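These notes are about the structure you will find just below.
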Amino acid sequence: MTKFLFHGIDHVQLAAPKGCEEKARFFYGAILGLPEIKKPEILKGRGGCWFQCGNQELHIGVEADFREAKKAHPGLIVKNIEELKSILVSNQIAMKEEPVIEGRKRIHVSDPFGNRLEFLEFIQE
């Protein structure tokens, strides 16, 4: 087996119910500021939308029997968690602050579909 078979993560996909696109674009695009990227033509008929998140992509995909992910979650790295918290508060989005672990400030929020998201900022302790 090749020692360096894996090189990173291209994207993370979160599920959402049919008709989610408007709410997803508002939350992930307008509130969080993630730029939307075009889905390939061949996938547009499936619904959902995609966003750029650093060097990775965050895909919101439609799932027929949608059930929110309350435990499983992506951990998204931010540069100014205090600014993000202000943005969340001003948009009346509930957040839960978590204890700092291994040099990371952390908060959890739920997206408009109930999926858990973790935001982390690396700090010097």
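Within the stretch 2-13, is there a residue that is closer than 19 Å to Pro74 by Cα, touching a strand residue (DSSP E or B) at 6+ places or on another chain (Cβ under 7 Å), of a type in the set (Val, Ile, Thr) and at pLDDT 95 or above? Looking through the stretch 2-13, at least one residue is closer than 19 Å to Pro74 by Cα, touching a strand residue (DSSP E or B) at 6+ places or on another chain (Cβ under 7 Å), of a type in the set (Val, Ile, Thr) and at pLDDT 95 or above.
With respect to (1) under 12 Å from the mean Cα position of the chain (by Cα); (2) surrounded by 11 or more Cβ atoms within 10 Å (Cβ to Cβ), the lone exception for Gly33 is condition (2). Listed by first and then second residue, the pairs with beta-carbon distance under 8 Å, at least 6 apart or on different chains, first residue in the stretch 31-59 and within 13 Å of Ile9 (Cα to Cα), second of a type outside the set (S, T, N, Q) and assigned to a helix (DSSP H, G or I), are Leu58/Tyr28.
Among the numbered conditions (1) in a loop (DSSP other than H, G, I, E, B); (2) closer than 25 Å to Ile123 by Cα, the only one that Gln52 does not meet is (1).
Filtering the stretch 96-125 to residues that are loosely packed, with under 14 Cβ neighbours inside 10 Å and in contact with a Gly (Cβ under 9 Å, 6 or more places away or on another chain) leaves Phe122, Ile123, Gln124, Glu125. Here are the criteria: (1) touching an Asp or Glu at 6+ places or on another chain (Cβ under 8 Å); (2) surrounded by 14 or more Cβ atoms within 10 Å (Cβ to Cβ); (3) not small (Gly, Ala, Ser). Tell me which single one Lys79 does not satisfy. Going through (1) touching an Asp or Glu at 6+ places or on another chain (Cβ under 8 Å); (2) surrounded by 14 or more Cβ atoms within 10 Å (Cβ to Cβ); (3) not small (Gly, Ala, Ser) one by one, Lys79 breaks only (2).
The values are calculated or read from the model by the stated rules, or taken from the named source; none is laboratory data. Since the model is a prediction, treat every value here as computed from it, not as a measurement. Glycine gets a Cβ as well: all are built from the backbone with ideal geometry, and neighbour counts include every protein chain shown.
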